[in-house]
Amino acid sequence: MPEAPLHAAAPATGHAPAYAAAHGIAAHAHQFDDPGQQHEAGNLGMWVFLATEVMFFGGLFAGYSVYRSLYLTAFEAGSRLLDVRLGAANTAVLIGSSLTMALAVRSAQLGRRKALVLFLLLTMVLGSVFLGVKGYEYYHKFENHLVPGIDFIYDQPNAPQVELFLCFYFFMTALHAVHMIIGIGILGTLAFMGWRGRFSPGYYSPVEVSGLYWHFVDIVWIFLFPLLYLIGGRY
Amino acid sequence: MSVIPAEQLMDKRVHYLNESYGVKSWLFTKDHKRIGLLYLASITFMFFIGGAAAVLMRLHLIEPQGALVEPETYNKLFTMHGVIMVFFFLIPSIPAVLGNFLVPMMIGARDLAFPKLNLLSWYLYMAGALLTLSAIIAGGVDTGWTFYTPYSSVYANTHVMAVAIGVFINGFSSILTGLNFVVTIHKMRAPGLTWFRLPLFIWAMYATSIIFLLGTPVLAITLVLLGLERLLHVGIFDPKLGGDPLLFQHLFWFYSHPAVYIMILPGMGVVSEIIACFSRKRIFGYGLVAFSSMSIAAISFLVWGHHMFVTGQSIYAGLIFSALSFMVAIPSAIKVFNWTATLYRGSISYDAPMLYALGFIGLFTMGGLTGMFLASLATDVHLNGTYFIVAHFHYIMVGGAVMAYLGGIHFWWPKISGRMYSDGWARFAAFVIFIGFNLTFFPQFMLGYLGMPRRYAFYPAEFQVLNVMSTAGASILGIGYLIPLVYLAYSLRYGPVAPANPWGARGLEWRTSSPPVTENFEETPIVTAEAYAYDEGREPLA
Ligand SMILES: [Cu+2]
């Protein structure tokens, strides 16, 4: 686990948050000794939270793995129902958003206010593009009666097992999308705060910590894409 | 030892309890001590609801054909008892009450790292608890606390969803508590408080938090899958639709076996504190006791399959799960031997907390050893699904976890409330609980060995004598649990004012006044020794 860098710029004494924000000086809550401790605690808190997220998605990945090994052919057939081009495009979009997110964190560290807001907005746009494509894919499944439990018509062999695959497909991608939507909301708040000049080289923890979250959500997709789209054996 | 002589200032002194008044000052508090008390009130309420269900069950079983309720109602009673006691009492008990109160104080911090998340975790607990209670009032659930499919997916009524959502929400309360503890313990220790000077209670809380963090999300996702299966009628766990009900059991026990250690590890931490204090000795084998907490947490994630020996899982999986389950005995035994060695040649005093701690050691040992019977494949086939299991886990969870919880409440009550309770009544209650407990559950070992299955509303007539004994014990136990409620409440108003350090203990939490000020210490303490520096002999009472 990487240790958060300590900032030479951070003054050791506490300042009232409003004063500190107005003057771009690091502030810290009463339970912490100094801004450095607060920054480290926030960072570690996010890493710990992401560990719980790994286990949360991990339960689903475990279920997926069990059924994939039991029903290999059905899962391959199910995978072929997905549009691999759209999945690949979305993967590129998400990787791009990770880049803009990393640049946003860097801009916050350097105190470049406009660049920070710009990169945060770009990240949000890319995230929204991803969600739009995902929404189109869902719509396509509805049209083709491939929604498990609600509207599922499939006349090839192993229909229940293919339905099970699509069940995991919908649930895993939807859970991922929910994380994306939460992330976009957080980035919007950060962009607003950044525009108001709340961040400085001495205080940018929220940007860094939210960046960790965003990268995590991207990494989940990096696992979802091959497991859902590429196992069909078409290529 | 105290920083300021509390007893002289008691009346005028400002502390966390009288710093502000009114409902709002409690409902919006971010003080870890007040949040601990919010938890104390709520889990005590849940404990007596769950206990009432248990008393009704025992009264019903006083006659072989059942004396009180319809079999369907009986199913709902044991489900309600299990769900409430496991998720809404035992799991939050020591971490959320004593842990919340003590973790910052024991490490010399002003609060937990994330006070708002801490308050949020209490609200999540309350939301989960109220949803579960409302589902019980609306008609109850009869799946057992394990929500096994297909009981829960195909055959149960709709209230099962409300209870599952309640448990799901409550899970996030556990996660937030664990996250707060881990970050606080890592980042907020007072100057000089190295890892190996930490109180063993902190080690126990750290190990427990890891289980909270890594186990609870898996339960959460499992309940979501269960909900999807019910809502959309897809076959995740339904074999008719291609699913596998055993997957549910695997996922469920992946959390719920470690959850057993969520219940017992904090108790072990409490007992380590009490035993050292009332033996006036440094804890024997400090490093081993600390590491055994961590290794119990680690191994706990590898043994879930011992709940599934008779489900048809592969024999090789069974063998491995059996061997790994036996391994849990090693760190557990390390603890018991180290406590015993601490007692050896200590100058022991039998104050009420010590009686609970000694009760814990005996009952936990019984529970642990009978666990070995169940970890062995061959004996488990005979004992699985009988009252032997019921007796075994109640020795761990009630004889172990609840005894330790009560011991901890008695040990830290002067710190929490600033008042002393009646030691005579407290010792009396400890005896009543110990006797009532054993009379309730020891006969159940015999019943289980003789083959009486659990979760039935009636039984063959030849089992009646042992069942009547068990019911009699439950009545005594019920009264035993009511006694502390009375004298602790009484002490709040009429008890003598507690000094800062009534037991002459050495932990940091005793170096501040009773009750502490809002930010715990007048100034951040500097630590120069470990929490068990008792070797200079007993301190005079402060
Ligand atoms: Cu177990």
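The values are calculated or read from the model by the stated rules, or taken from the named source; none is laboratory data. As the structure is a computational prediction, the values presented were derived from the model and not from experiment. Neighbour counts run over all protein chains shown; Cβ positions are idealised from the backbone, glycine included. These area figures cover heavy atoms from the full protein model, side chains too; ligands, DNA and RNA do not enter into them. Shrake-Rupley method; radii C 1.70, N 1.55, O 1.52, S 1.80 Å.
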- Query: Quick one: which of A:L187, A:L166 is modelled with pLDDT under 95 and open to solvent by less than 10 Å² (accessible area, probe 1.4 Å)?
  - Reply: A:L166
- Query: List pairs: first in the range B:290-319 and among the small types (G, A, S), second in a loop (DSSP other than H, G, I, E, B) and away from the ligand (no atom under 15 Å from the Cβ), Cβ under 8 Å, 6+ apart or cross-chain?
  - Reply: B:A290/B:L198
- Message: Go through (1) under 19 Å from the mean Cα position of the chain (by Cα); (2) closer than 27 Å to B:L213 by Cα for A:A62 and report which single condition fails.
- Response: (1)
- Could you pull out the residue among B:I320, B:I334, B:I348 that is part of a loop (DSSP other than H, G, I, E, B) and more than 19 Å from the chain's Cα centre (by Cα)? B:I348
- Message: Could you tell me how many of the residues in the range B:143-174 are small (G, A, S) and closer than 17 Å to B:E72 by Cα?
- Response: 3
- Query: Restricting the range B:250-273 to residues that are within 14 Å of another protein chain (Cβ to nearest Cβ) and more than 12 Å from the ligand (Cβ to nearest atom), which is surrounded by the most Cβ atoms within 10 Å (Cβ to Cβ)?
  - Reply: B:L251
- Item | Extreme residue, surrounded by the fewest Cβ atoms within 10 Å (Cβ to Cβ), among residues of the range B:274-310 that are within 16 Å of the ligand (Cβ to nearest atom) and β-branched (V, I, T) | B:V310
- Item | Which listed residue is within 14 Å of chain A (Cβ to nearest Cβ) and more than 14 Å from the ligand (Cβ to nearest atom), from B:A352, B:A317 | B:A317
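Residue-by-condition table, conditions (1) over 25 Å from the mean Cα position of the chain (by Cα); (2) within 14 Å of chain B (Cβ to nearest Cβ); (3) within 30 Å of A:F119 (Cβ to Cβ):
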site: A:E143; (1), (2), (3): yes, no, no
site: A:P148; (1), (2), (3): yes, yes, no
site: A:A159; (1), (2), (3): yes, yes, no
site: A:I186; (1), (2), (3): no, no, yes
site: A:T189; (1), (2), (3): no, no, yes
- Got at least one residue in the range B:153-173 being within 14 Å of another protein chain (Cβ to nearest Cβ) and at pLDDT below 95? yes
- Count - residues of the range B:224-249 that are open to solvent by 10 Å² or more (accessible area, probe 1.4 Å) and away from chain A (no Cβ under 11 Å): 2
- Message: Where the second residue is at pLDDT below 90 and open to solvent by 80 Å² or more (accessible area, probe 1.4 Å) and the first is closer than 19 Å to A:Y67 by Cα and lies in the range A:142-163, which pairs have Cβ atoms under 7 Å and are six or more apart or on separate chains?
- Response: A:G149/B:H233
- Query: If A:M193 satisfies every condition in (1) open to solvent by less than 10 Å² (accessible area, probe 1.4 Å); (2) more than 30 Å from A:L60 (Cα to Cα) but one, which is the exception?
  - Reply: (1)
- One residue from A:V48, A:V117, A:V66, A:V84 being open to solvent by less than 30 Å² (accessible area, probe 1.4 Å) and within 12 Å of chain B (Cβ to nearest Cβ): A:V48
- Note on the structure: Over the range B:285-303, the set of residues in contact with a Phe, Trp or Tyr (Cβ under 7 Å, 6 or more places away or on another chain) and among the polar types (S, T, N, Q) is B:S293, B:S300
- Within the range B:98-121, is even one residue under 13 Å from the mean Cα position of the chain (by Cα) and either open to solvent by less than 20 Å² (accessible area, probe 1.4 Å) or at positive phi (or both)? yes
